[in-house]
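What follows is a set of notes on a single structure, which appears directly below.
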Amino acid sequence: MTETEDGSEATAEPDDDAAQPDEDAGEADEDSGEPDEDAAEAAAEPENPPEDDFEGPRRRARREREARREAQARAVAIEQARREAKRRAQGKSTDESKPVARGRVRGLKLVVWTVLLVALFVGLGLLLYFTPIMAARNVVITGLGAVTQEEVIAAAAVKEGTPLLQVNTDDVAERVATIRRVGTARVQREYPSTLRITVVERVPIVVKDYPDGSHLFDRDGVDFATAPPPPNLPYLDADNPGPNDPSTRAALEVMTALRPEVAGQVARVSAPSVAAVTLTLVDGREVIWGTTERTEEKAQKLAALLTQPGHTYDVSSPDLPTVK
């Protein structure tokens with residue numbers, strides 16, 4: 001309490017600012033983890049800054065941390081730019097530092113393996129082609145009847161020990177097929193050392209007598225053998241029998257269309273022309289066939305007609321077959 005000039009007593013009010021604890025100071029204590037330079041800068045500031053320019057310690061510390069981060073990022077960027085400039089100056093490409101893509105590595109491995117496999121197969125093929133590792137040491141022939149094995153081996157003309165890959169199977173088959181009695185021939189390689197030849201011999205369908213003996217003809221009209229005919233083989237009555245003769249082809253077409261039980265009764269087939277084919281059975285009955293049109297139908301009608309008594313059976317018109 002003080003005494004004023006007019007003698008009145010005045011009570012001294014406590015200074016609110018002095019008595020109130022410094023809140024900012026308390027906040028500074030909480031951020032005691034910040035570097036000492038922050039505290040020094042805070043102490044250097046005036047105690048009572050202008051209200052508009054006031055910045056608390058926490059905000060100031062946050063701002064300074066951001067500034068330090070920006071400065072550090074800038075320093076890193078400058079260092080990278082410096083290294084890049086140095087690399088360019090030394091003539092090195094910037095792409096050299098990049099790792100090779102995984103896809104490129106896989107593609108390169110695939111190419112390498114493909115080349116290795118191709119080289120392996122080519123080498124193996126050359127080894128088998130030029131060396132007797134897999135050579136023709138055995139020849140197996142099937143389907144033989146009248147043709148002998150010696151004839152087939154001689155016609156095949158494959159030298160023993162020849163590598164199988166060097167054997168041209170088509171050429172060998174053609175050579176075997178030149179044997180008159182052979183209709184078709186098939187040649188196969190059977191590794192490691194076998195050559196298989198399958199023969200299909202010609203089957204005689206008709207026979208015709210010549211001054212040098214009986215000639216056998218197959219279903220194609222090929223004269224493939226001069227030998228005694230098998231029993232009950234029909235005799236062919238044609239002027240110029242052969243695979244290119246129309247009359248011969250007509251007669252053979254009729255014979256191959258007949259049912260087996262009917263074909264076994266035919267003693268002679270006569271074909272003076274393609275439109276006048278006739279059959280003579282072993283018991284003397286005669287079949288007028290006519291042309292080769294509707295041959296299958298005529299063969300069916302004839303099988304039924306032969307069950308009826310008669311001497312002449314006409315199936316030239318299958319719609320009106322007759323028996324006389």
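Before moving on, here are some points about what is shown:
- Ranked by how many other Cβ atoms sit within 10 Å of their own Cβ, fewest first, the residues L216, L320 fall in the order L320, L216.
- Interchain or long-range residues, amide H under 5 Å from A135's placed H: L164
- The 3J(HN,Hα) values that the Karplus relation (6.51, -1.76, 1.60; θ = phi - 60°) gives for the stretch 313-318 are, in residue order, 10, 10, 10, 4, 10, x Hz. Gly and Pro appear as x.
- For the stretch 262-269, putting each phi into the Karplus relation 6.51 cos²θ - 1.76 cosθ + 1.60 with θ = phi - 60° gives couplings of 7, 4, x, 8, 7, 9, 8, 10 Hz, in residue order, rounded to whole numbers and with x for Gly and Pro.
- Centroid-to-centroid separation of the stretch 257-286 and the stretch 169-214 [C-alpha atoms, Å]: 29
- Counted by Cβ distance under 14 Å from R186, the other residues give a net charge of -2, where Lys and Arg count +1 and Asp and Glu count -1.
- Across the stretch 148-160, coupling constants 3J(HN,Hα) worked out from phi with the 6.51/-1.76/1.60 Karplus curve, θ = phi - 60°, read 8, 5, 4, 4, 5, 5, 5, 6, 5, 6, 9, 6, 4 Hz, and Gly and Pro carry x.
- This ranking places S247, S273, S316, S193 by how few other beta-carbon atoms lie within 10 Å of each, fewest first, which gives S273, S193, S316, S247.
- Amide H contacts of A267 (H built 1.01 Å from N, under 5 Å, at least 5 apart or other chain): T280, L281, V282
- Taking every DSSP bridge with both residues inside the stretch 206-323, close to 70 percent are antiparallel.
- Among beta bridges identified by DSSP and lying wholly in the stretch 132-201, the antiparallel ones come to about 65 percent.
- In percent, rounded to a whole number, the relative contact order of the stretch 206-323 is 17, using alpha-carbon pairs under 8 Å and six or more apart.
- Quarter of Cα convex hull surface for the stretch 132-201, i.e. mean projection, nm²: 3.8
- Taking amide H as placed 1.01 Å from N in the peptide plane, G183 has its amide H under 5 Å from the amide H of V200, E201, R202, each at least 5 places away in sequence or on another chain.
Values quoted throughout were computed directly from the atomic coordinates according to the rules given, and no laboratory measurement underlies them. Since this is a predicted model, take the numbers as computed values, not measurements. Counting neighbours? That spans all protein chains shown, and the Cβs are built from the backbone with ideal geometry, glycine included.
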